[in-house]
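First comes the structure, then the notes that go with it.
Read-outs throughout are calculated quantities, based only on the coordinates presented, and are distinct from any laboratory measurement. Not measured: the values here are computed from a predicted model.
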Amino acid sequence: MVKPGHVIVVLCFAGLLFVPAPVSADELWPTTTDIFFEKDGLPYNESVQFTVNCYGYGCKSWDCHLDPEDRLAQNGNYSPELYYSYHATAATYGSRIYEPYYHAGRGYTDYCNLEGVTKGEHFSILNFSQSPLPKNCTDLNPFQMSGGRGRYWNYTPKYDACINTTRLERQVCNDYLTVCDSRTDTECHGYVMNGNNFKETSAFRSCVNRTDEKREDCKELLQPVDPATLVMWKDTRDGNELPSMRACELRFTIPTDNPDPAISPALELTLDPVRYASPVESIYCSLLSLFGARC
């Protein structure tokens with residue numbers, strides 16, 4: 001028999017989603033951004049279409065240091081080029097946009113420019129930032145667990161205690177595993193101790209089922225989160241709504257005169273072709289799939 005705590009076992013909580021805090025600016029983190037344009041010292045309430053273009057170096061490796069060119073770029077050994085861009089429309093003063101700033105942190109930024117058009121007039125705001133991400137942002141952390149279909153919860157001390165109890169009980173189930181030979185037994189997989197393989201038995205499965213039922217009952221001790229209290233983020237590609245994980249603000253002053261129209265080309269959406277990548281590349285992409293959305 002196997003003693004508790006010696007076998008490597010992966011525990012899954014079926015039907016529940018644990019939401020981690022954002023680990024970097026490069027994740028697809030649903031973000032709402034309120035946009036404030038002003039002109040002549042007053043709020044500007046006309047519609048503004050704008051494109052933000054950021055110049056610098058876009059990393060080739062995921063974490064900006066694996067590729068040799070990325071390591072050189074850390075010391076400024078690169079020629080600035082357009083590496084991140086997004087387009088949006090502010091219908092009025094304080095309009096909300098839903099840019100997730102995906103891949104915004106995957107590079108080194110020298111400067112960002114804004115090209116806008118309002119009432120048929122083009123304008124430019126040059127070098128307004130050295131980061132694609134807004135400076136004024138707040139992590140919302142609206143909930144700690146989701147079951148999908150608009151169900152959200154926060155942990156409670158009683159829930160934590162309940163889960164810890166079932167975890168200890170689950171370890172006892174390991175006593176019912178039995179030694180096996182993976183070369184001859186197709187059921188011999190998933191459990192390893194001191195170089196030996198173990199397989200499940202009916203007693204082990206019965207034990208696990210009992211602890212799973214108790215763990216399911218622990219959910220009654222969670223604190224429900226009212227969806228009406230959440231700030232929602234809209235996926236502009238498919239129209240799905242998800243809880244926003246970050247709220248930001250951007251403020252711009254439209255210049256009274258645009259002295260050199262040549263620096264204001266026609267607005268064209270220039271996007272990094274890999275900004276929306278596969279779910280494997282982004283923690284939050286896997287979260288989106290449980291909400292019925294996609295990356």
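Once you treat every alpha carbon in the range 156-221 as an equal point and sum by Debye, what is log10 I(q)/I(0) at q = 0.14, 0.15, 0.22, 0.29 Å⁻¹?
-0.50, -0.55, -0.86, -1.15
Quick check on my link table: of LYS60/LYS234; LYS39/LYS60; LYS39/LYS234; LYS214/LYS234, which ones sit more than 32 Å apart, alpha carbon to alpha carbon?
LYS39/LYS60; LYS214/LYS234, as the Cα separations exceed 32 Å there.
Considering the range 81-145, what Rg and Dmax in Å follow from its alpha-carbon atoms?
When restricted to Cα atoms, the range 81-145 yields Rg and Dmax of 14.3, 47 Å.
Note down the relative contact order for the range 104-242 as a percent, whole number, built from C-alpha pairs under 8 angstrom at least six residues apart.
20 percent
Straight-line reach from LYS199: which lysines have Cα under 20 Å away, leaving out those fewer than 8 places along the same chain?
Those lysines meeting the cut-off are LYS3.
Would you work out the relative contact order for the range 156-221, in percent, from Cα pairs under 8 angstrom that are 6 or more residues apart?
It comes to 40 percent, rounded to a whole number.
For the range 33-92 and the range 164-194, write down the distance between their C-alpha centroids in whole Å.
Answer, in whole Å: 51.
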